[in-house]
Amino acid sequence: MGRQKHNNKNAGKKRGRGGAGQNRAETEAFLKKNRQKTDVIETSSGLQYAVREEGTGKQPDEWSTVEVNQRILLVDGTVIKDTYHSVETDRFTIEEAIPGLKEGLQMMKEGGKTRFVVPPDLAWGKRGAGDKIGPYAALIFDIRLEKVIH
């Protein structure tokens, strides 16, 4: 007659990231509703996007470095990052981006603005990232491709 251990894995953890089950349910509901919008296109990978402004400049490839303005949100509207109200843009290589942005950015041209809804399996998946992006969280990126640096 052994004693059962009480194991609460979430004891002491922040709730800001949301639990896996809660995030998964919110994500699935949001993706389902979003794909029904008339301006939203969904790729075979599950990436959803809506072009806000067509670009006319260079188009990046998998080896490009890009300079972007971006607003990153959770599906509940929580802002993770916003460079639109900053003096500096973000610069990174396509290679180091999450899979959803690797795919999406290569469809854009300089000067274009697109909203990407990135499902968890094309973002940080079941592990989340930091203290703001929980497990199974979809992310919304409002991106303006400012410059392609090859």
- Query: What size of dipole, in debye to the nearest 20, comes out for the chain about its Cα centre when the only charges are +1 on Lys and Arg C-beta atoms and -1 on Asp and Glu C-beta atoms?
  - Reply: 1100 debye
- So which of LYS58/LYS81; LYS32/LYS81; LYS37/LYS58; LYS102/LYS147; LYS37/LYS113 end up more than 21 Å apart, counting from Cα to Cα? LYS58/LYS81; LYS32/LYS81; LYS37/LYS58
- Which of PRO99, ALA20, SER45 sits closest to the plus end of the dipole of the range 20-149, meaning its Cα is farthest towards the positive end, when Lys and Arg get +1 and Asp and Glu get -1 on the C-beta? ALA20
- Across the range 73-82, in residue order, what do the Karplus-derived ³J(HN,Hα) couplings come to in whole Hz, using 6.51 cos²θ - 1.76 cosθ + 1.60 with θ = phi - 60° and x for Gly and Pro? 10, 7, 5, 8, x, 5, 7, 8, 7, 8
- Treating the angle as unsigned and between 0 and 90°, give the value, to the nearest 10°, between the Cα long axis of helix 20-34 and the longest Cα principal axis of the chain. 40 degrees
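Chymotrypsin sites (Phe, Trp or Tyr not before Pro) within the range 32-118: which are DSSP loop residues with at most 14 other Cβ atoms inside 10 Å?
Passing sites in the range 32-118 are TRP63, TYR84.
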- Message: Loop by DSSP (not H, G, I, E, B), at most 15 other beta-carbon atoms within 10 Å: where is the longest site-free stretch of the chain for GluC sites (Glu not before Pro)?
- Response: 89-150
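Coordinate-derived values only; no laboratory data. None of the values given here were measured: they were computed from a predicted structure. Note that we place each Cβ from the backbone using ideal geometry, even for glycine, and neighbour counts take in every protein chain shown.
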